[in-house]
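Notes for the one structure printed next.
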Amino acid sequence: MRKTLLTIALASIALGMEAGDGVQIRRNQVGMYPQQEKVVVVEGTNPKGKLRVTTPDGRQLKPRQVRKAVSPISGKTRYVVTLGDLTAPGKYQLSMAGQQCQLTVAERPYHDIATGALRLFYLIRSGVAIDMGGAYNRPAAHLDTRVLVHPSAASPLRPAGTVISSPLGWYDAGDYNKYVVNSAFSIGLMFAAYDQQQDYFARLNTNIPESRNLTPDLLDEMMFNLQWLQTMQDPYDGGVYHKLTTPNFEGFVMPVDCHQPRYVVAKSTAATLDFAAVMADAARLFEPFQQDYPGFSAQAVAQAERAYQWAKEHPAVYYHQSELKDPVVTTGAYDDENTGDEFFWAASALYRLTGRQCYLDDARKHQPAQFTTPSWGGVASLGAMEWLTDSQSALYAPMKQQLLAYCEAAVKGVDTSSFQSPFGNKATDFGWGCLSEKLCCQAMLLLYADRLTGTRQYRRYALQNADYLLGRNATGYCYVTGFGDKSPMHPHHRPSEADAVEAPFPGMLVGGPNPGQQDKATINQPYPSDYADESYLDDMSSYASNEIAINWNASLVAYLCWLDALQ
């Protein structure tokens with residue numbers, strides 16, 4: 001399964017990534033729009049008079065501008081090179097000091113990677129056979145038709161040990177469990193992108209079993225997880241279980257080889273509010289597609305309102321995993337003891353759906369003071385996006401003001417940065433899941449601002465983050481599996497490790513450089529660097545930098561599909 005060191009070395013030389021005098025040309029390895037600015041970064045050596053650009057028709061060009069930049073993180077010297085107006089589609093050859101690499105210009109450079117990021121959700125479906133995945137096909141497993149109620153989730157009408165059915169849904173991350181908080185957030189983030197680009201998604205085909213129906217593929221994929229979420233609401237009181245899980249993480253085996261019992265555990269306010277918000281949005285967005293999903297919208301409205309009422313009656317039921325016994329549970333916690341942002345999102349979504357004054361009053365009560373990038377533990381911006389779709393909405397003006405203030409701060413200093421991008425200019429940009437929460441989500445907010453202002457001034461910066469993500473960065477990695485010429489081969493992802501396929505599932509976004517190195521004591525090999533922007537290890541054991549997760553891929557889908565829609 002593993003490539004040998006010799007194979008890796010030969011591949012690196014062939015790609016020109018480590019040849020010559022050690023100089024490395026860092027660039028977007030996937031592709032760029034014709035009108036997108038063409039910038040590469042050269043490590044260590046001044047490329048002036050040395051870097052050559054060969055056009056698709058064989059002409060030789062010189063870069064337009066070279067500026068020196070010193071990293072505030074590592075102190076390393078780099079040279080930021082503006083190549084000029086490379087607008088004709090095709091493959092441009094970059095050469096310097098014995099190195100060669102390509103820069104691709106295309107009319108739809110982000111289409112394949114955006115589609116791959118969304119299709120990843122099909123590949124990680126739980127409870128069904130994957131038979132349209134090519135090399136990644138596998139038999140059905142984790143049917144979850146006999147799930148136990150954990151003592152922490154027991155109620156008079158569902159005592160501990162009760163058997164319930166809770167099938168379908170997505171595997172959450174590198175593990176095989178299903179978590180309400182993260183699932184609802186992931187759907188909400190992709191719903192927000194769908195809201196802004198409905199015509200684009202109506203045309204997008206991801207080759208999934210539902211592709212032939214009348215509903216957009218993105219919504220079909222969301223429905224596969226929504227149907228699982230619906231089973232996580234206690235039908236007797238409206239509260240929502242926090243997660244469906246095994247007591248402990250499974251080993252690095254295929255799903256059919258997993259044999260631990262599975263439980264629903266403890267209801268929580270955060271999970272219930274996230275459920276209420278996403279069901280409210282789902283009720284609204286699926287209303288036009290009754291022919292494929294008859295009755296769903298009415299059911300989702302009722303479930304959303306009932307969940308919200310439970311949360312109002314139980315506003316501080318927090319998930320404390322250490323209190324779970326018989327059995328003890330050690331899987332992902334997704335614990336959150338600040339639920340003001342969840343109340344804001346849920347109230348905003350329900351007001352948008354129903355127009356009821358009580359939800360507007362609650363949204364005002366929990367209105368955030370500033371805009372932040374969305375994350376599973378900080379969903380206020382998803383609430384803000386509910387208001388930003390209508391300039392006449394009650395909270396449109398303050399939410400827009402907060403968004404523009406955030407974006408202005410985000411783009412400050414880009415033109416003197418080491419990688420010509422809003423992300424990656426300070427050590428605090430890096431950490432657990434940074435490529436999602438601080439890069440993709442930041443870029444998504446820039447695209448929101450671009451659309452709201454109509455000036456296109458923020459689009460440039462959103463595209464710069466794509467350049468960083470896809471190779472113009474301190475490690476030289478394209479951080480999405482299966483794309484670019486240097487991408488992760490060994491993510492912390494059980495089926496990618498356990499199957500007989502050398503390449504991992506394509507379209508997965510890894511967490512990225514993480515100076516916390518929380519896995520340092522257990523990884524198979526040391527991190528190559530302690531610098532914040534280089535603290536990344538492409539090894540299966542590195543869950544701190546190389547795991548995948550549905551919320552991270554959701555941000556990738558929302559961001560790259562929006563970029564693809566710009567064409």
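The values are calculated or read from the model by the stated rules, or taken from the named source; none is laboratory data. Please read these numbers as outputs of a predicted model, since none were measured by experiment. Positions of Cβ are generated from backbone atoms using ideal geometry, with glycine treated the same way; all protein chains shown enter the neighbour counts. Each accessible area value is taken on the protein alone, full model and side chains, heavy atoms only, with ligands, DNA and RNA left out. Shrake-Rupley method; radii C 1.70, N 1.55, O 1.52, S 1.80 Å.
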Practice prompt. Taking residue 104 as meeting all but one of (1) in a loop (DSSP other than H, G, I, E, B); (2) farther than 24 Å from residue 187 by Cα; (3) open to solvent by less than 70 Å² (accessible area, probe 1.4 Å), write down the number of the exception.
Written response: (1)
Fill in: Positions within region 255-269 being under 18 Å from residue 494 (Cα atoms) and open to solvent by less than 40 Å² (accessible area, probe 1.4 Å), in sequence order
255, 258, 262
Discussion item. Given the condition surrounded by fewer than 17 Cβ atoms within 10 Å (Cβ to Cβ), at pLDDT 95 or above, out of contact with any His (no Cβ under 8 Å at 6 or more places or on another chain) and not hydroxyl-bearing (Ser, Thr, Tyr), answer yes or no: does some residue in region 21-34 qualify?
Written reply: yes
Item to complete: Looking at (1) at pLDDT 95 or above; (2) in a loop (DSSP other than H, G, I, E, B); (3) closer than 20 Å to residue 33 by Cα, find the lone condition where residue 567 falls short.
Response: (1)
Worksheet, complete the sentence: Among residues of region 63-76 being loosely packed, with under 15 Cβ neighbours inside 10 Å, out of contact with any helix residue (DSSP H, G or I) (no Cβ under 9 Å at 6 or more places or on another chain) and in contact (Cβ under 8 Å) with a residue 12 or more places away in the chain, the residue nearest to residue 533 (Cα to Cα) is 70
Worksheet item: Based on what the data block shows, is residue 248 in contact with a Ser or Thr (Cβ under 6 Å, 6 or more places away or on another chain), open to solvent by 10 Å² or more (accessible area, probe 1.4 Å) and closer than 30 Å to residue 506 by Cβ?
Response: yes
Discussion item. Please determine whether any residue of region 174-196 is of a type in the set (D, E, K, R) and part of a strand (DSSP E or B).
Written reply: yes
Worksheet, complete the sentence: Taking region 62-85 and the residues there that are assigned to a strand (DSSP E or B) and not hydrophobic (A, V, I, L, M, F, W, C), the one that is nearest to residue 33 (Cα to Cα) would be 82
Worksheet item: From the list 438, 412, which residue is within 19 Å of residue 548 (Cα to Cα), open to solvent by 10 Å² or more (accessible area, probe 1.4 Å) and of a type outside the set (Phe, Trp, Tyr)?
Response: 438
Worksheet item: Tell me, which helices (runs of 4 or more DSSP H) wholly within region 459-558 include 2 or more residues that are buried (at least 24 other Cβ atoms within 10 Å of the Cβ)?
Response: 459-469, 543-546
Worksheet entry | Pair list, Cβ under 6 Å, 6 or more apart: region 373-389 residue within 14 Å of residue 194 (Cα to Cα), other residue assigned to a loop (DSSP other than H, G, I, E, B) | 382/374
Worksheet entry | Residue satisfying condition, being closer than 22 Å to residue 183 by Cα and in a helix (DSSP H, G or I), within set 347, 333, 363 | 347
Fill in: Conditions (1) open to solvent by 10 Å² or more (accessible area, probe 1.4 Å); (2) farther than 30 Å from residue 59 by Cβ; (3) assigned to a helix (DSSP H, G or I): number failed by residue 132
(3)
Worksheet, complete the sentence: Every listed condition ((1) closer than 29 Å to residue 473 by Cβ; (2) assigned to a helix (DSSP H, G or I); (3) touching a residue at least 40 places away in the same chain (Cβ under 8 Å); (4) of a type outside the set (A, V, I, L, M)) holds for residue 408 save (3)
Worksheet item: Do you know which of the residues in region 270-301 that are over 23 Å from residue 243 (Cβ atoms) and charged (D, E, K, R) is surrounded by the most Cβ atoms within 10 Å (Cβ to Cβ)?
Response: 284
